[in-house]
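The values are calculated or read from the model by the stated rules, or taken from the named source; none is laboratory data. It should be emphasised that the depicted structure is a prediction, and the values quoted were computed from it without experimental measurement. Cβ coordinates were reconstructed from backbone atoms using ideal geometry, including for glycine residues, and neighbour counts include every protein chain displayed. Accessible surface is based on the protein model in full, side chains and every heavy atom, while ligands, DNA and RNA are left aside. Shrake-Rupley method; radii C 1.70, N 1.55, O 1.52, S 1.80 Å.
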Amino acid sequence: MTHAPPKVIVTRRLPAPIQERMAALFDAEFNETDTPLGTETLVARAQNADVLVSSITDRIDAQVIAALPASLKLIAQFGNGFDNIDIEAAHAAGITVTNTPSVLTEDTADMAMALILAIPRRLAEGAQVILKDGTWPGWAPTWMLGQRIGGKALGIVGLGRIGTAVARRARAFGLEIHYCGRTRKPPQVEDALGARYWASVDEMLTHVDIVSLHTPHTRETYNILSAERLRRMKKGAVVVNIARPELVDEAALAECVASGHLLGAALDVFEHKKGVNPKLLALARENKVVLTPHMGSATLEGRIEMGETVIVNIRTFLDGHTPPHRVLPEGRR
């Protein structure tokens, strides 16, 4: 007797090689229009499904989880982040959740390094000069002067996989490496990076010129760069966020940049449920803030590897084993 292949619902269009492989392995239903699914549509498509392949644009809260069919036992997130999923509600409902954490490390670190360079070297501003009318005023000794980053101090909040990859790159650019986090790294890690550990984020912020955020969004890290902490940073410092928008008080960040207390900010993630913060947009138009649209892992190679990781998680789960990238509720991690 042959068994029907598992039914897999994919909420966003994935790279063609991944969709072809999923179609060969599963009874896969794809979203060819690539339009984000609303709650009702997502729940309707998930009926009789075994697996839901979600993305960060899908809001899967407790209400949605309660409406999912009993047949659905795995939510395989296409992405590292999973803030869009109520992990506790899924766990309580007996639904396993997985993500794709390791394959996007190097691509995200590359993008973070580009953002670290962007404000001090005025990259976005300089890229627009010739586009205005096809000319430029020509070289001059004092024109478009930025700031050297070699010798500056980089403070990394969260020295995990991506934070460590950023530190390796930054050290090659001559930056001093500082970091803070819940746990201190072993001496061999610190020595290899030339990294100094700070037990307190408040103390580190007063000593560094650039702050780069690489920590997940949790109850403890929400607005870790609060208004008070942003004001404690060195005058002329820069904020880089490629992790989660919830880590920064955006209104306070805009105020600190507008007042001149901070030199600027480079953000790949930002609050946009009601549109991008107009103060950040205004500052971006003044070339004091650089905004990139969640491009951290946006390489073809990275997205294909993410899709392959999703497939591994699905097949491992369907074979009756614990998937390699299972996500547990915060208190159980």
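Quick notes on this one:
- Ligands, DNA and RNA left out, the 1.4 Å accessible surface of the stretch 108-193 is 56% carbon and sulfur atoms.
- Projecting the Cα positions of A237, G38, V211 onto the charge dipole of the chain (unit charges on Cβ atoms of Lys, Arg, Asp and Glu, taken about the Cα centre) puts A237 furthest along the positive direction.
- Contact order relative to length of the chain, as percent, for alpha carbon pairs under 8 angstrom and 6 or more apart: 17
- Only Lys, Arg (+1) and Asp, Glu (-1) charged, at Cβ; the stretch 236-333 dipole about Cα centre in debye: 160
- Per-atom-type breakdown for the stretch 232-333 gives carbon and sulfur 52% of the accessible area (1.4 Å probe, protein chains only).
- Each 10 Å bin from zero up to the one holding the largest Cα-Cα distance in the stretch 257-333 carries the following percent of pairs: 15, 27, 24, 21, 11, 2.
- Length-normalised contact order of the stretch 137-184 in % [C-alpha pairs under 8 Å, at least 6 apart]: 43
- For the stretch 193-210, 3J(HN,Hα) per residue [Karplus equation, 6.51 cos²θ - 1.76 cosθ + 1.60, θ = phi - 60°, Hz, x = Gly/Pro]: 9, x, 9, 9, 8, 10, 6, 10, 4, 4, 5, 4, 4, 7, 10, 10, 9, 9
- Between A254, A66, A28, the Gaussian network model of the chain with springs among Cα atoms under 10 angstrom shows the greatest mean-square fluctuation at A66.
- Percent of beta bridges antiparallel (DSSP, the chain, rounded to nearest 5): 5
- The residue among H325, A28, L253 whose Cα reaches farthest toward the positive pole of the charge dipole of the chain, with charges on the beta-carbon of Lys, Arg, Asp and Glu, is L253.
- Under a 5 Å amide H cut-off, with hydrogens placed 1.01 Å from N, T100 pairs with G79, N80 among residues at least 5 apart or on other chains.
- Cα-Cα P(r), the chain, percent of pairs per 20 Å interval: 29, 52, 18, 1
- Residues of the chain: accessible area per residue with a 1.4 Å probe, Å²: 50
- Sparsely packed GluC sites (Glu not before Pro) within the stretch 1-41, loop by DSSP, other Cβ within 10 Å at most 13: E32
- The equivalent ellipsoid of the stretch 70-219 has semi-axes of 36, 24, 12 Å, largest first, where each one is the square root of 5 times an eigenvalue of the Cα gyration tensor.
- Along the stretch 173-186 the Karplus relation, 6.51 cos²θ - 1.76 cosθ + 1.60 evaluated at θ = phi - 60°, assigns HN-Hα couplings of 8, x, 7, 7, 9, 10, 8, 9, x, 5, 10, 7, 7, x Hz to successive residues, with x for each Gly and Pro.
- Kirkwood Rh and Cα Rg combined as Rg/Rh, the stretch 1-145: 1.20
- Solvent-free Debye calculation, one equal scatterer per alpha-carbon of the stretch 209-297: log10 I(q)/I(0) at 0.16, 0.17, 0.21 Å⁻¹ equals -0.55, -0.63, -0.99.
- Separation between Cα centres of the stretch 135-192 and the stretch 1-28, rounded to whole Å: 42
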